[in-house]
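Following: one structure in structure tokens, then a few remarks.
The values are calculated or read from the model by the stated rules, or taken from the named source; none is laboratory data. This one's a predicted model, so the numbers in the text were calculated from it and none came from an experiment. Positions of Cβ are generated from backbone atoms using ideal geometry, with glycine treated the same way; all protein chains shown enter the neighbour counts.
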Amino acid sequence: MSDSRKIIHIDMDAFYASVEQLDQPQFRGKPLAVGGPSEKRGVIAAASYEARKFGVRSAMPTAEAFRRCPELNLVSPRFPRYREISEQVHGIFRCYTDLIEPVALDEAWLDVSANLIREPSGTRVAERIKSEILEQTALTCSAGVSYNKFLAKIASEENKPDGLFVITPEQASAFLKVLPVRKIPGVGRVTEEKLRDFGIEITEDLLKKDAEWLNQHFGKFGMVLFQRARGIDHRPVEPERETKSVSVETTFDRNLTNLEELDLELQNLTEKLLQRLDRNGICGSTLTLKLKFADFEQITRSESRSLPFDRSSLLETGKRKLHQCCSREYPGRPIRLLGIGISNFGKPPRVVQLDFFEDLKIPV
Amino acid sequence: MDILINTEILISTLQNVISVIDKSYSKPILSNFMIKTLENEGGQGMVEFSATDYELSIIERIPAEITTSGSICINAKRVFDIAREFQAKETRILSTEQLWVHISCGASELRLPSVEVGLYPQPNIEELKQNLKISTVDLAQCIDMTLFASQTNEARRNLMGVALSITDEQKTRWQATDGHRLAQVIQPVEEMNFGEVPEIILPRKALMEIRKVCELMGEIVDITFDERVAQFSGNRIHFKTRLIEGKFPNCDPIIPKDNERKSTIHRENLIHSLRIVSAISTDKLRPVKLNLQSGLLKLESEKTEFGEASDEFEVNYDGEPFEIGFNTRYLLDVLNVMKSDEILMEFKSPMSPSVIRDPNNDIFLSVLMPLRTEW
């Protein structure tokens, strides 16, 4: 099946950090990170390009970031402000197409195959969007243009910051050949290692494996790998896709049975989940804990409340569920994967009371 | 024990005692209170009424004619319900060795069972190093102007009271916040010594009870404290409360320093307008939008099934048009504790905290987080 769509992936450059540098000129040209303080075991949510030169990355513990860059400036995130700018950027998107799929505040896919300004060239649409974003928000973004979501996303990463990169159907296979497999969305640390064990490091190595082999070793995800290696991704751009659930999970380096170790892992996952939730500005009222045992048997346990979870109830409920599973239901069974997710978001309220400690990120 | 007490004083004292008694009745012993006779002070007989719920204790000393000294421990509510109906001038309380208590007033005669005194967690006043003296009027004002902003639910325990600390200018600072609003009073006091305890968090319940009986505490209240407890003593009444453990957040970053949009507003006008506009509100946040234009403040409600409402009146404002949403109740709470004719409101943006103060008196300020509204 041929794919003649025109898909653009827009990724705002170092979004939170750039907004802070925009609003607080004293940080311009300086290494800046947005995140939680190290004394509260905070992590970096975004780093300016000046900070990235020192090796500061998002999701890195703040303490580590300061080790790498002692003169780093750290500010607390201001999500309402990021949402405001994100809304402005989406306003620009809507001038070109209704097929917009937001991924996060700073990231979206646009299907411009048939666009509102009747511009046949996806590249020229991307150029216009880029320049309008710069004009209206004084922020830069990177755009990837291709014929599906996967390639558009890979393309947007190619020339960061302020980049525009196009992958045409003719260029796709040459481009993909040398792409490291870890760049394929869905390939995490554990899958990457497993692929490496089979001698697969770049996409070209993947091409040598047939669908059956991939299915055998990677299950359903094997099929995704098979397609992506060939530049195939038929997923449509789903406009304003409602977020149904947000979840994070981790596969351990070795199977865990120790409850204290599991508690710590759960706590780290919950922090990650909270960050992800913040990024989307929502929280749901159903929590789901997922456990995969050493023998690959998988269980999930959920709990719903009448009100959306907040930080402390999420931590507390997750821990209680974990203890229920590990001490009562399956005592002593080695666990290879732990996941936690939130769903049941409901309608966002029309009126929200802002809070000093949540919205201004003042420690309480 | 055999004592004779003025009935009016007895009723008033029992009323104070009863408010401290544990209403949950989770521990039966705490539904009692104690009366004990004190050494004669200059020929004047004194008895001490005391009650505690472990967190908060009250000790009240009143004059009595003591025939036989001693002490009793007895159900507070039962005694109060009876005594409040007494008509005669004096009431006699007499205990027997079999734990019976005889109470008589005029022709009324009661015999009530009592509890072994040793079983009751009898509160006592301690010698504490840190202290401050504050006029009762100022204390009442400090409580009134901060307590409303404290947190009522248990989500953040350290916010369930009023933080009392000392400023660089050697004044007391009273602060309360529930995350949505902050109220602060900077109050000079007669005398103070914070010693090694730079900040304490006084629980809501204690301050509410103290506030109720402030008028009975004489002109000056003496507050003594350490890092565990605080004692409020004035006239014949002493309160002792356990403090809230934990640290109160540093609220300095909450107080905006650069809110350039300022408007002077007639306080009563705003109160009336808010009541009118919020009347049709169905949202529990009771949202109201304030819209400032040159010389004019417009208030607007959300459209609901009960209709819509708006109001406007003249104010002092000469900035750009500006709009911001608030919880009506939060606005009314602060407007109702203020006494000035005019208030000064300072804004920056619809998403950032606003300040409300008395334009002629800088001891008080309140900071309010807005509502994010979508209508």
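Details
- When region B:129-171 is filtered for residues that are in a helix (DSSP H, G or I) and of a type in the set (Asp, Glu), the ones remaining, listed by number, are B:ASP138, B:ASP144.
- All helices (runs of 4 or more DSSP H) inside region A:192-242 with 1 or more residues being loosely packed, with under 15 Cβ neighbours inside 10 Å: A:211-218, A:220-229
- Residue count for region B:329-349, restricted to those that are closer than 20 Å to B:GLN293 by Cα and more than 11 Å from chain A (Cβ to nearest Cβ): 8
- If you go through region A:331-353 and pick out every residue that is modelled with pLDDT of 90 or more, buried (at least 19 other Cβ atoms within 10 Å of the Cβ) and outside any strand (DSSP E or B), you end up with 0.
- Where a residue in region A:184-212 is among the small types (Gly, Ala, Ser) and its partner, wherever it lies, is in a helix (DSSP H, G or I), with Cβ under 7 Å and at least six apart: A:GLY186/A:PHE221; A:GLY186/A:VAL224; A:GLY199/A:ASP205; A:ALA211/A:MET223; A:ALA211/A:PHE226
- Of the residues making up region B:172-188, those that are assigned to a strand (DSSP E or B) and either away from chain A (no Cβ under 14 Å) or among the charged types (D, E, K, R) (or both) are B:THR172, B:ARG173, B:TRP174, B:ARG181, B:VAL185, B:ILE186, B:GLN187.
- Residue within region A:296-313 that is touching a residue at least 40 places away in the same chain (Cβ under 8 Å) and aliphatic (A, V, I, L, M) present: no
- Residue count for region A:129-180, restricted to those that are of a type in the set (Val, Ile, Thr), under 22 Å from A:PHE226 (Cα atoms) and over 20 Å from the mean Cα position of the chain (by Cα): 3.
- If the condition is being among the β-branched types (Val, Ile, Thr) and either free of Cβ contacts under 8 Å to residues at least 40 places away in the same chain or within 9 Å of chain B (Cβ to nearest Cβ) (or both), then region A:331-364 contributes A:VAL351, A:VAL352, A:ILE362, A:VAL364.
- Applying the criterion of being over 30 Å from A:THR191 (Cβ atoms), of a type outside the set (S, T, N, Q) and assigned to a loop (DSSP other than H, G, I, E, B) to the residues of region A:303-330, the residue that is nearest to the other protein chains (Cβ to nearest Cβ) is A:ASP310.
- Elements of the type helices (runs of 4 or more DSSP H) sitting completely within region A:1-94 and holding at least 1 residues that are of a type in the set (A, V, I, L, M) and farther than 30 Å from A:SER113 by Cα: these cover A:15-23, A:49-52, A:62-68.
- B:ILE223 being more than 14 Å from chain A (Cβ to nearest Cβ), at pLDDT 95 or above and outside any loop (DSSP other than H, G, I, E, B): yes
- Hits in region B:127-170 - residues which are hydrophobic (A, V, I, L, M, F, W, C) and within 14 Å of chain A (Cβ to nearest Cβ): B:ALA149, B:ALA155, B:LEU159, B:MET160, B:ALA163
- Selection from region B:350-375 of residues that are farther than 13 Å from A:LEU354 by Cα and more than 8 Å from chain A (Cβ to nearest Cβ): B:VAL355, B:ILE356, B:ARG357, B:ASP358, B:PRO359, B:ASN360, B:ASN361, B:ASP362, B:ILE363, B:PHE364, B:LEU365, B:SER366
- Across region B:260-303, the qualifying residues are those that are in a loop (DSSP other than H, G, I, E, B) and within 14 Å of another protein chain (Cβ to nearest Cβ), and the one among them that is farthest from the chain's Cα centre (by Cα) is B:LYS303.
- Number of residues in region B:261-296 that are under 17 Å from B:GLU342 (Cβ atoms), in contact (Cβ under 8 Å) with a residue 60 or more places away in the chain and not polar (S, T, N, Q): the value is 9.
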